[in-house]
Amino acid sequence: MTRRKKPANLIYDVDENPGMGALILLGFQHICVLTIAFVTPVLIIDAIGGKTEDARHLISMAMIVTGAATIIQGLKRGPVGSGYLCPLVNGPAFLSASILAGKTGGLSLIFGMTFIGGLFEAAFSRLVSRLRSVFPSEVTGTIVAMVGIEVIPFGVKRFFGVDALHPVLNPTAVLVAVITLCVMVGLTVWGKGKFRLYSVLIGMLTGYAAALALGMFGREQADIVVASQWFSVPAFGFYGMSFSAVLIIPFVVAALSSALKTMGDLSTCQKINDASWKRPDMKSISKGILACATGNILSGLTGALGQSPSSSNIGLSIATGATSRTIAYATGTLLIVLAFLPKIASFFVIMPTPVMGASLVFAASFMVIAGIQIMTSRMIDVRKTFVIGTAIVFGLSVDFIPGLYADIPDAIQPFFQSSLSLATVTAIVLNLFMRIGISKTASIELMPGTDSSEKIFAFMQRQGGLWGAMPDVISRAASSVNEVLESITSASISRGPLKVDLSFDEFNVEVEITYKGEPLVFPETRPSDEELLESPENLARLSGFIIRMNTDRVEWDLKDGLCRVRLHYDH
């Protein structure tokens, strides 16, 4: 297994422990971002005509189950858990399916079908490792970028103070949001050590203070805190579970959407923790999807809503430079404890709208850029441009044209519920379609003394783009082939053309050069300057040394007057 290389921008990477004091503060910092998702239970209860007590119960159970699922997700050993800091929340993936179930059979049907969705997600997790070809960098990068883009409508509205109670822009809210965001950005860009580590927490506290000073806190917020109990035990499984065969497809689609989002989020976690990251580790992703599935199974059993990863929290990890899995344990534990302490939890519930908005805008910025970096880590040709561009265009149509997909059948409505889900499905389908007709091998014939380096580089660039290979690997291979051609030409050791066979299988780039004539030499040591002056033949040895240094492995042989040079590159 390749050893992970710690990126320079991280203060604490996934394997490091910040210490107890830092863990508590970092855990609270993540909870501040997680609480934004508590709007989901409120939306569902409002849509199905439930009671305020039902919403409070769902929020309490969400804190317990998401806390437990976040801890499970952080587990490194065993069959469950990706080993990364990837907190879970009541995400939008299950929103439409849950509302449909709630209107049909109440909360018990929501919980029963969420349990079924969790079972399907668990089964899907076992298949993911075999689907590597379905998720190349252009698909993974698009998913990650859309994860950040999806947050924009929700975050920007709140940045300007717009929510259910305030439908128009509020200048005071904008001021609070600007102050909050400036503090976060300032500490992240120019702050060092603890100031950068707690940049979001300090920014939020500054936002609370600004909101208080500008009169955004009133009796309503105070009453919420005063009315909350100091200690309360949530009623596990209070509503029970019921099931409906008619709703299996909507919840299976919701679970699949959640699983695909998990793949994008965990790919980001892998990339930000490894400076030498090349491709998603599907084994870790498989275990991570199983952790999410476990959270959804627990949600059904205990009485909570469907779970999926919180992309905003991953953006927070990137910004602060703290990605330790021990933060997942701290965040999960604190969430569970807060579920039993409603009065303390209420301070998160009354978070000012513009503070929420500033936090989401801050985190989304990092997620969008992370997705673009994944996309551009491979060569992009016209096919891949079409996959990425079309997926993003149709994904954005969900937010740009509200109601466009309102008449989509309920069974597949979750795929059209958000920009992320539609972009993901579009990217996967187009990628499979665009793979038609692409061969994993290609050949070219070169004539020494006639063909130039332009022909070689054009051939390698074209194939690299078709395959979505890494630019640096293709560039190294092209340089080596060109060096072989020039060496054979200058030494006049070939009798006829050279045949170059190029192959690619995601993990390896192989080049085989075949010609009739004398073999090239690939010495392990560079000829000295004196040796180069003594004999022109040593120039060929220098070329052979350069080729050896530019490849991960080089082999050659001579049989019946036919020379073969095999160049191998790890990908």
Based on what the data block shows, is Leu485 over 30 Å from Arg279 (Cα atoms) and among the hydrophobic types (A, V, I, L, M, F, W, C)?
yes
Please state which one of Tyr239, Tyr208 is in a helix (DSSP H, G or I) and of a type in the set (Phe, Trp, Tyr).
Tyr208
Leading residue by the ranking (modelled with the highest pLDDT) among those in the range 405-418 that are part of a loop (DSSP other than H, G, I, E, B) and within 27 Å of the chain's Cα centre (by Cα)
Tyr405
Please pick out the residue among Thr114, Thr142 that is within 20 Å of Val252 (Cα to Cα) and at pLDDT 80 or above.
Thr114
Given the structure, is Glu510 within 46 Å of the chain's Cα centre (by Cα), at pLDDT 85 or above, exposed (fewer than 15 other Cβ atoms within 10 Å of the Cβ) and farther than 22 Å from Gly561 by Cα?
no
Is at least one residue of the range 102-117 of a type outside the set (Asp, Glu), part of a loop (DSSP other than H, G, I, E, B) and in the same structural domain as Leu34 (by TED's automatic domain parsing)?
no
Going by what's in this entry, would Ile350 be described as of a type in the set (A, V, I, L, M), more than 30 Å from Gly215 (Cβ to Cβ) and modelled with pLDDT under 90?
no
List the pairs whose first member sits in the range 216-239 and is at positive phi and at pLDDT 70 or above, whose second member is assigned to a helix (DSSP H, G or I) and surrounded by 14 or more Cβ atoms within 10 Å (Cβ to Cβ), and whose Cβ atoms are under 9 Å apart, counting only residues at least 6 apart or on separate chains?
Gly237/Phe111; Gly237/Leu301; Gly237/Thr302
Looking at this structure, is Ile444 buried (at least 17 other Cβ atoms within 10 Å of the Cβ), assigned to a strand (DSSP E or B) and in contact with a strand residue (DSSP E or B) (Cβ under 6 Å, 6 or more places away or on another chain)?
yes
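Residues are listed down the side, and each one gets a yes or a no for (1) closer than 27 Å to Leu420 by Cα; (2) among the basic types (Lys, Arg); (3) at pLDDT 85 or above:
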position	(1), (2), (3)
Glu150	yes, no, no
Val156	yes, no, yes
Gly161	yes, no, yes
Ala164	yes, no, no
Thr172	no, no, yes
Val176	no, no, yes
Leu181	yes, no, yes
Gly186	no, no, yes
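The values are calculated or read from the model by the stated rules, or taken from the named source; none is laboratory data. Small disclaimer: the values here were computed from a predicted structure and weren't measured. Because the Cβ atoms are built from the backbone with ideal geometry, glycine has one as well, and the counts that use them run over all protein chains shown.
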